[in-house]
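**Q** First, the structure itself, so that you have it in front of you.
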Amino acid sequence: MDKAKRNHPYACCRALFLGFLVVCLSYWSVKADDLAGVDLSKGASFIFGDSLVDAGNNNYLPTLSRANIRPNGIDFKASGGNPTGRYTNGRTIGDIVGEMLGQPNFAAPFLASNTTGKAILYGVNYASGGGGILNGTGRIFVNRLSMDIQVDYFNITRKQIDKLLGSSRAKEYLGKTSIFSITIGANDFLNNYMLPVLSIGARITETPEAFINDMISHLRNQLTRLYQLDARKFVVANVGPIGCIPYQKTINQLNQDECVELPNKMAKQYNIQLKGLLTELTQNLPGSTYVYANVYDLVMELITNYDKYGFTTASQACCGNGGQSAGIIPCGPTSSMCDDRSSHVFWDPYHPSEAANLLLAKQLLDGPTKYISPMNLRQLRDL
């Protein structure tokens, strides 16, 4: 460079700019290499909840609630029929919804050692068998992840996504192309307020209405925390007809077409308040959309008209032992198992079969506002 160019007043600035540009290009080329093969256009599923959607988190906890034993997972093709920690014979509703929305991978359990790096961009599953909205729920299982802990874990994932994508791109990715699904609340009734013997003291001191109010208050805080971490598209499932599961039918010695009144009554009371909460949050949190999944009516439809959907029973567990509905002892290696898993609405004393999950998932994806409102999940994805 000649003397005139060296002494040009902008020569130094130009050199600094070029150096900065080289550093930036090098940085982004590394980022591009790190994300090679990752298709962000399909978005991701971030799944929170209980055993209805647990994909294996409880495998990594010292807990009495686990499903990583045969014959659970016998129809889960991705594992070759081996148990994964899912509490059903195949895919959960969360798995099926993600698959039908075109997401290339199932949301991986947060606690799995390989749920790191770019794998988290396909979504993460935080759900835990026995978990509830309230931290005391599921204590009978010793360990489980409450909703509060699940949100804490998402906070960790949130920071990792920032490192992978940069803060601006991460915020857009979470807000526009990711869906946050929450399926929780049943354990707060079954394994907390109505837990035989252990819950008697709580029921004396707290009315059902006060207990439900406590649930709603906690859930409001948990959903708001997710919003503050840049979640914007939510689907929240209400509590299903828990008085109709094979376990309840068996321990209460009910006929095939009967359900236990109190659990269903409390579920319906909670569901009314949940729907109001989601309307409130949509109005008060700018840019948010909270979709209400009416699982109660969906499952009740399957139970009431099971033969219409190709099932032979909606009261008998396919895998389980004890009582007329095989509803006392959970599914395990010594359990009896039905010959045709697709003919049963319930896989075990508590959880739907994959065949039932498939029908439920299809309604959530493309169904009418009777079951999913104010829009279905495909419309939420495209919003």
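**Q** Normalised by the number of residues in the chain, what is the relative contact order in percent for Cα pairs under 8 Å and 6+ residues apart? Can you show the working numbers first?
**A** Details: 736 pairs, mean separation 57.9, N = 383.
The value is 15 percent.
**Q** Can you tally the net charge around residue 318? Count Lys and Arg as +1, Asp and Glu as -1, for every other residue whose Cβ sits under 12 Å from the Cβ of residue 318. The partial results should precede the final answer.
**A** Values: positive: 341; negative: 75, 339, 340, 348, 354.
Spelling it out: positives minus negatives among the neighbours equals -4.
**Q** Please list 252-263, 127-138, 361-372 highest first by mean number of surrounding beta-carbon atoms within 10 Å per residue. Provide the component values of the computation, followed by the final result.
**A** Details: 252-263: 14.4, 127-138: 25.9, 361-372: 17.3.
Descending packing order for the listed peptides: 127-138, 361-372, 252-263.
**Q** Using the Cα centre of segment 109-165 as the reference point, and only Cβ charges (+1 on K/R, -1 on D/E), how large is the resulting charge dipole? Debye, rounded to the nearest 20. Intermediate results must be reported in sequence, preceding the final value.
**A** Values: 6 positive and 3 negative charges, 20 e Å.
The dipole of segment 109-165 has a size of about 100 debye.
**Q** Charges only on Cβ, +1 for Lys and Arg, -1 for Asp and Glu: so what's the dipole of segment 299-358 about the Cα centre, in debye to the nearest 20?
**A** Values: 2 positive and 6 negative charges, 15 e Å.
Using Cβ point charges on Lys, Arg, Asp and Glu, segment 299-358 gives about 80 debye.
**Q** Right, another one. May I ask you to evaluate 6.51 cos²θ - 1.76 cosθ + 1.60, the Karplus curve with θ = phi - 60°, for each residue of segment 318-333 and list the ³J(HN,Hα) values in order in whole Hz, giving x for glycine and proline?
**A** My calculation for segment 318-333 gives 5, 10, x, 9, x, x, 5, 10, 6, x, 9, 9, x, 5, x, x Hz in order.
**Q** Continuing with this model, one more query. Would you work out which of 380, 353, 337 lies farthest towards the positive end of the dipole of segment 316-383? Charges go on Cβ: Lys and Arg +1, Asp and Glu -1.
**A** 380
**Q** Sort 155-164, 215-224, 231-240, 293-302 by the packing proxy (mean of other Cβ within 10 Å over each peptide's residues), most packed first. Spell out each step's value before the answer.
**A** Numbers: 155-164: 15.8, 215-224: 18.7, 231-240: 23.9, 293-302: 21.4.
Highest mean packing first, the order is 231-240, 293-302, 215-224, 155-164.
**Q** Over all distinct Cα pairs, what is the inverse of the mean 1/r for segment 97-204, reported as the Kirkwood hydrodynamic radius in Å? Spell out each step's value before the answer.
**A** On the way: mean 1/r = 0.0642 Å⁻¹.
With all distinct Cα pairs of segment 97-204 included, I get 15.6 Å.
**Q** Using the Cα atoms of segment 114-171, I'd like the radius of gyration and the largest Cα-Cα distance, Dmax, both in angstrom.
**A** For segment 114-171, the Cα radius of gyration and maximum Cα-Cα distance read 13.8, 43 Å.
**Q** Shifting gears a bit: If the cut-off is 20 Å between C-alpha atoms, which aspartates and glutamates fall inside it for residue 42, apart from same-chain ones fewer than 8 positions away?
**A** Filter leaves 33, 34, 95, 99, 162, 172, 230, 366, 382.
**Q** Hey, another quick one. Any idea what the dipole of the chain comes to, in debye rounded to 20, about its Cα centre with Lys/Arg Cβ at +1 and Asp/Glu Cβ at -1? Walk me through the intermediate numbers first.
**A** Values: 35 positive and 31 negative charges, 337 e Å.
I would put it at about 1620 debye.
**Q** Choose one of 123, 185, 306: the residue whose Cα lies farthest towards the positive end of the charge dipole of the chain (beta-carbon charges +1 Lys, Arg; -1 Asp, Glu; about the Cα centre).
**A** The residue sitting most towards the positive pole is 123.
**Q** Could you tell me the ratio Rg/Rh of the chain? Both radii from Cα atoms, Rh via Kirkwood. Working shown, then result.
**A** Numbers: Rg = 23.8 Å, Rh = 22.0 Å.
Looking at the chain, the ratio lands at 1.08.
**Q** How do the peptides 102-108, 207-213 rank, highest first, by the average count of neighbouring beta carbon atoms within 10 Å per residue? Walk me through the numbers on the way to the answer.
**A** Numbers: 102-108: 18.1, 207-213: 15.1.
In descending order of packing, they fall as 102-108, 207-213.
**Q** DSSP beta bridges in the chain, what fraction antiparallel, as a percent rounded to 5?
**A** Numbers: 6 of 27 bridges.
Rounded to the nearest five, the antiparallel share is 20 percent.
**Q** Next question. In the chain, which helices (entire DSSP H runs) extend 20 Å or more along their own long axis, judged by Cα positions, while averaging at least -1.0 on the Kyte-Doolittle scale? Don't skip to the end; give the middle numbers.
**A** On the way: long enough: 11-34 (35 Å, 1.11); 147-165 (26 Å, -0.28); 208-228 (30 Å, -0.51); 261-284 (35 Å, -0.72).
Helix filter hits for the chain: 11-34, 147-165, 208-228, 261-284.
**Q** How big, on average over all directions, is the shadow cast by the Cα convex hull of segment 221-270, in nm²?
**A** Mean shadow area of the hull around the Cα atoms is 4.7 nm².
**Q** Continuing with this model, one more query. Direction-averaged shadow area of the convex hull around the Cα atoms of segment 85-150, nm²? Provide the component values of the computation, followed by the final result.
**A** On the way: hull surface 21.1 nm².
Averaged projected hull area, Cα only: 5.3 nm².
**Q** Distance in nm between label sites at residue 255 and residue 163, each 7 Å beyond Cα in the beta-carbon direction?
**A** 6.1
**Q** Right, something else. Okay, helix-only estimate at 222 nm for the chain: each DSSP H run of n ≥ 4 adds -39500 (n - 2.57), divide by all residues, round to 500 deg cm²/dmol; what do you get? Before the final figure, lay out each step's value.
**A** On the way: 12 runs with 151 residues, N = 383.
The helix-only estimate for the chain comes to -12500 deg cm²/dmol at 222 nm.
Values in this text are rule-based calculations from the coordinates and carry no lab data. What you see is a predicted model; the values in this text were computed from it and never measured. Positions of Cβ are backbone-derived with ideal geometry, glycine not excepted, and every protein chain shown enters the neighbour counts.
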